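Shown next, in structure tokens, is the structure this report addresses.
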Amino acid sequence: MRTNLKVVDNSGAKRVMCIQALKGKKGARLGDTIVASVKEAQPGGKVKKGQVVYGVVVRAAMQKGRSDGSLVKFDDNAVVLVNKQGEPIGTRVFGPVPHELRKKKHVKILSLAQHIA
Amino acid sequence: MRLEKCWFCSSTIYPGHGIQFVRNDAKIFRFCRSKCHKNFKMKRNPRKVKWTKAYRRLHGKDMTQDATFEFERKRNRPERYDRNLTENTLKAIKVIDKVRSRREETHIKNRMKGKKSKITKEALKELDQQIHMIKAPGAMVKDASATTSAKVTVKVQHDTDENRMEE
């Protein structure tokens, strides 16, 4: 809740604030879906400021356990905006994303991503 | 399964160990334990931290060039399973390991070669110059055989020389 996340796609939003994690009582972790409010947006984008959107956390500074028991962490907190069905709103994804998204059935984001870590 | 190397100390990271940090330019930094991760967060240079492999290689502490290092390589193409090949590889691992440890031993031995004579030399020098710290100069004159070893007799002569000058 209330975490400011960078938006790393070309949906038009620049910064969103988490207002609800759709799973888990401890808040969203890497790969989780959140409900967010758009705080900053580029003019002429698909998403406007003040809109309530869904997003997938693709980078988190908080470390997350991997399936082999090791941990992974990222530089910042970033999100890719999706619609209610889980399809990305934008057509590009910037920066590295974790391969765990495949497990969460966000294959589309993975295929759009520049790097997979 | 792949055994990675720690970014900081170059030790092997076995599956399930350590943490990996992905920078925004997608460079991956793998760490074998929290010690290495913390040192990275402190922005320490592994070449300047004495316990890392990078420091030891840079300062000639460890063997750097050896044919046994050539076997350890990153291969991106998986080898097709062959029973004989696997058996031979498993045998070779032991042999290579033995050879390497032996060579490392000789490397350290060579590195330490002049060490003992240097230590004794320094100790002798200290004894020569600081003998008054353990025995008063007068006592040395009174009892020449205070210490029995040959090197001390040299010192006694030295002291008597000084005494003569005083006289």
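The values are calculated or read from the model by the stated rules, or taken from the named source; none is laboratory data. These numbers were taken from a predicted model, which means no experiment stands behind them. Positions of Cβ are generated from backbone atoms using ideal geometry, with glycine treated the same way; all protein chains shown enter the neighbour counts.
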Residue in the range A:45-64 that is touching an Asp or Glu at 6+ places or on another chain (Cβ under 8 Å), facing chain B (nearest Cβ under 10 Å) and part of a loop (DSSP other than H, G, I, E, B) present: yes
Among the residues listed as A:Gly69, A:Gly95, A:Gly24, the single one being crowded, with 20+ Cβ neighbours inside 10 Å and modelled with pLDDT under 95: A:Gly95
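Does the range B:86-105 contain any residue that is loosely packed, with under 10 Cβ neighbours inside 10 Å and away from every other protein chain (no Cβ under 14 Å)?
yes
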Check on A:Leu71, touching a strand residue (DSSP E or B) at 6+ places or on another chain (Cβ under 6 Å) and over 16 Å from B:Asp25 (Cα atoms): yes
Any hit, the range A:3-11, residues being surrounded by fewer than 23 Cβ atoms within 10 Å (Cβ to Cβ), in contact with a Phe, Trp or Tyr (Cβ under 9 Å, 6 or more places away or on another chain) and more than 30 Å from B:Glu4 (Cα to Cα): yes
Some residue of the range B:30-38 being part of a strand (DSSP E or B), of a type in the set (A, V, I, L, M, F, W, C) and either within 23 Å of A:Ala61 (Cα to Cα) or touching a residue at least 12 places away in the same chain (Cβ under 8 Å) (or both): yes
Any hit, the range A:76-84, residues being surrounded by fewer than 21 Cβ atoms within 10 Å (Cβ to Cβ), within 16 Å of A:Asn10 (Cα to Cα), within 13 Å of chain B (Cβ to nearest Cβ) and of a type outside the set (Ser, Thr, Tyr): no
The range B:2-48, residues that are aliphatic (A, V, I, L, M) and either touching a helix residue (DSSP H, G or I) at 6+ places or on another chain (Cβ under 6 Å) or facing chain A (nearest Cβ under 9 Å) (or both): B:Ile13, B:Ile19, B:Val22, B:Ala26, B:Ile28
